[in-house]
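Okay, structure first, notes after.
The values are calculated or read from the model by the stated rules, or taken from the named source; none is laboratory data. As the structure is a prediction and not an experimental result, all values here were calculated from the model. In this analysis, Cβ positions are derived from the backbone assuming ideal geometry, glycine residues included, and neighbour counts consider all displayed protein chains.
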Amino acid sequence: MAQKVYVQALAEALAEEMERDEKVFVVGEGVRSGTYGITSGLYKRFGTDRVLDTPISETGIAGAGIGAALCGYRPVVDFMQADFMFVAGDEIFLKAPQWRFLHGGKVDMPVTFLGAVGAGRMLANEHSKTPIAPLLHFPGIKVVFPSTPYDAKGLFKTAIRDNNPVFFFFHKVLLMLPGEVPDGEYTIPLGVADVKREGTDVTVVASGMMVHYALKVAAELEGQISVEVIDPRSFEPLDLDTILKSVEKTGRLVIADEDTERCGFAAELGFQVMEKAFDLLDAPIKRVCSPNYPIPGGYMEAVYLPNPAKISAAIKEVVGG
Amino acid sequence: MALTKENLLTLYTNLVRTRAFDRAFVRRLGEGKLLGFFHPADGGEAPGVGACSFLRNDDYVWPHIRGHGLPHMISKGVNPKYYMAEHCGRDTGLCRGMSTFHGVAPEYGIMGFAGTIGSGFPVTVGYGLAAKKNGRGQIVMSCFGDGTSNRGTFHECALMVNNWKLPVVFLCENNGLGMFVPVKDSHPVPDIADLAQGYGMPGVVVDGQDVIAVAEAVELAVERARQGKGPSMIEAKCERFCAHAVGLPDFSGAEVRTAEEIQYLRENRDPVKICRQKLLDQGVLTEQEANRIQAEADAEVEAAEKFVDESPKPALDPSIFEEMLYAR
């Protein structure tokens, strides 16, 4: 298997899907040049009719994707930063999720929204969010977030082929992360969690950057606490079964989520586990999230963010060490 | 262009049908049979009818809110009984009773509707992209009001469709009132069509009470779009003979419009009367034919109401929600 970095895997997935299906096109600000490299140079291969640079018009860009998808195309809408989805709130939170439902299933909307998430670059609150919970609060849009190059490629291809709106996150700190990526064609279904490390004492559900922090902690605790790390890879659809199976084994659960703690995915998952598997738990669930403040910039960012030390402390607390 | 006799009769017939259904919707809302709310087209039927009567089946239309799109959908060919069924919550409705007031008819290029004013512009950019990519000469008729033009979405989308020379026709139905707010208080210059110049597209103003004038202006814009020459904007100055929505006071600014004011408009600015008189004067229509068209429209409404009232409600079972939410 070849070694590739995360952003390369994403770029490969997009180019392969554009090659495979002429209905796939990319639209967004500066996509010919590409901000993160995912779309860079694609116009040379596929032409500017399929790699469309736009004015700074998030609302229009999101709508362009929605409208073209309703008419049978498979647009990839590049938001650059996922934070910019809030500019197109009507399109992302109302239109995309509701369209098929309100129109009696008469029309499908195969659009993929693409956006960088995550803090770690000192870019403050409008270029650092990981807005999982806002999307989950509007049922009808799928939410995908890979943590490795392998997952990035396989999930991105599946997202583009999905007949529904999908918001596809990638973490801006993971862009140059290397990993094994096969050269040939492969896809990964949405709604299938991946056990990133097996363990028996505690389950850590983590996504994006948090997966790598959890794995680091798990390695550090080896010999003392056996940590199982599960990456859901998509939050909608969510593979609750894999998580419950793990909790059945470990009896303990820590949820690490870079999104804001309040009303976040961690709160949602914690409640679902309590509803479905209260009897399996040997200790209260702990969550490690971004605290309930806007994301600060500068040096204060490091104080704010969830990190391996906070995850480690949570693990020790639930294990009762 | 010269509209044929047949074209003129089509315009008149669609106006009469729109008026008949619009009135039936208002009546049924009062009777408790129409669900939700209703923003009648009453007095403002001509722009939608003039814009949509001669489009191709595969042209895309974004309907305007007035009459909840009745002028546009009827003229595009959608059978209004299925829209009435939707608005009455029936399983036979366009959206299987899931929406109250959304029209959808993909076979007629109506890909859906929305509740937030001005949210049609972004979506129609996508329709325009699809139409251009398809390469079959399809166009997009984007219908909106004076109030809708206030939204920033108009600016973003006017930029994009003009940058890319998409086959879009902007039809602004300016009835002088954005809900309660007079246009002069929301738009700084007399003509909204003046916006067009800033985006490099033609913009014209027509009498929106004259369905023939609208249809002629639209024809030029549609032809231009079909030929790949890009978007145009038409501002149809029209009227509203009723309050913004059924049940609301008919405010214009802080004052309620008077009965005399509305009476004057009904007598002098009624698009159905104006069209009828023109066609009678030109010898295109006889009194007898006009009466027949009216009688047929009334009969169509009666049959539609029977169809709707006999249609079942959807199975009131939430398990359908799962099926509606996602495509497989």
Condition (residue is of a type in the set (Ser, Thr, Tyr) and under 18 Å from A:Ser234 (Cα atoms)) applied to region A:179-190: is it met by at least one residue? yes
Checking B:Val256 against (1) within 22 Å of B:His68 (Cβ to Cβ); (2) in contact with an Asp or Glu (Cβ under 7 Å, 6 or more places away or on another chain), only one condition comes out false. Which one? (1)
Taking region A:32-60 on its own, how many of its residues are more than 11 Å from chain B (Cβ to nearest Cβ) and either modelled with pLDDT under 95 or over 17 Å from A:Ile160 (Cα atoms) (or both)? 12
Run down A:Gly72, A:Gly89 and say which single residue is out of contact with any Leu (no Cβ under 9 Å at 6 or more places or on another chain) and at positive phi. A:Gly72
Restricting attention to region B:166-176, does a residue exist that is assigned to a strand (DSSP E or B), touching a Lys or Arg at 6+ places or on another chain (Cβ under 6 Å) and more than 14 Å from chain A (Cβ to nearest Cβ)? yes
Residue that is surrounded by the most Cβ atoms within 10 Å (Cβ to Cβ), among those in region A:91-122 that are aliphatic (A, V, I, L, M) and under 19 Å from the mean Cα position of the chain (by Cα): A:Val111
Scan of region B:92-143 for residues that are among the charged types (D, E, K, R), on the phi < 0 side of the Ramachandran plot and facing another protein chain (nearest Cβ under 9 Å), ordered by number: B:Lys132, B:Lys133
Among the residues of region A:94-133, what is the count of those that are at the interface with another protein chain (Cβ under 10 Å from one of its Cβ atoms) and small (Gly, Ala, Ser)? 2
Output the number of the condition that A:Glu222 fails; it satisfies all remaining conditions of (1) under 15 Å from A:Cys289 (Cα atoms); (2) surrounded by fewer than 24 Cβ atoms within 10 Å (Cβ to Cβ). (1)
For B:His102, the lone unmet condition from (1) over 16 Å from the mean Cα position of the chain (by Cα); (2) crowded, with 24+ Cβ neighbours inside 10 Å; (3) without any contact (Cβ under 8 Å) to a residue 24 or more places away in the chain is (1)
Of the residues in region A:67-93, those that are out of contact with any strand residue (DSSP E or B) (no Cβ under 8 Å at 6 or more places or on another chain) and at the interface with chain B (Cβ under 7 Å from one of its Cβ atoms) come to A:Gly67, A:Leu70, A:Gly72, A:Asp90, A:Glu91
Unique match (being outside any strand (DSSP E or B) and within 23 Å of A:Glu258 (Cβ to Cβ)) among A:Val107, A:Val87: A:Val87
Those residues of region B:14-61 which are free of Cβ contacts under 8 Å to residues at least 24 places away in the same chain and outside any helix (DSSP H, G or I) amount to B:Glu31, B:Gly32
Members of region A:13-65 found to be surrounded by fewer than 24 Cβ atoms within 10 Å (Cβ to Cβ) and of a type in the set (Val, Ile, Thr), listed by number: A:Val24, A:Thr35, A:Thr48, A:Thr54, A:Ile56
Please work out which one of (1) surrounded by fewer than 19 Cβ atoms within 10 Å (Cβ to Cβ); (2) within 30 Å of A:Thr112 (Cα to Cα) is the condition A:Met274 fails and give its number. (2)
Among the residues of region A:66-80, count how many are without any contact (Cβ under 8 Å) to a residue 60 or more places away in the chain and more than 17 Å from B:Pro106 (Cα to Cα). 5
When you scan region A:295-309, how many residues do you find that are surrounded by fewer than 17 Cβ atoms within 10 Å (Cβ to Cβ) and in contact with a helix residue (DSSP H, G or I) (Cβ under 9 Å, 6 or more places away or on another chain)? 1
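For (1) within 28 Å of A:Glu126 (Cα to Cα); (2) touching a residue at least 60 places away in the same chain (Cβ under 8 Å); (3) among the small types (Gly, Ala, Ser), each residue gets a yes or a no:
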site	(1), (2), (3)
A:Asp241	no, no, no
A:Ala256	yes, no, yes
A:Thr260	yes, yes, no
A:Gly264	yes, yes, yes
A:Met274	no, no, no
A:Ala283	no, no, yes
A:Val288	yes, yes, no
A:Pro294	yes, yes, no
A:Gly297	yes, yes, yes
Candidates B:Ala243, B:Ala215, B:Ala221, B:Ala196, filtered to the one that is assigned to a loop (DSSP other than H, G, I, E, B) and surrounded by 18 or more Cβ atoms within 10 Å (Cβ to Cβ): B:Ala243
With the structure loaded, tell me whether A:Leu269 is among the aliphatic types (A, V, I, L, M), over 16 Å from the mean Cα position of the chain (by Cα), crowded, with 17+ Cβ neighbours inside 10 Å and under 20 Å from A:Val319 (Cα atoms) or whether it fails that test. no
Residue satisfying all of: in region B:144-165; over 30 Å from B:Pro182 (Cβ atoms) and not hydrophobic (A, V, I, L, M, F, W, C); farthest from the other protein chains (Cβ to nearest Cβ) among these: B:Lys165
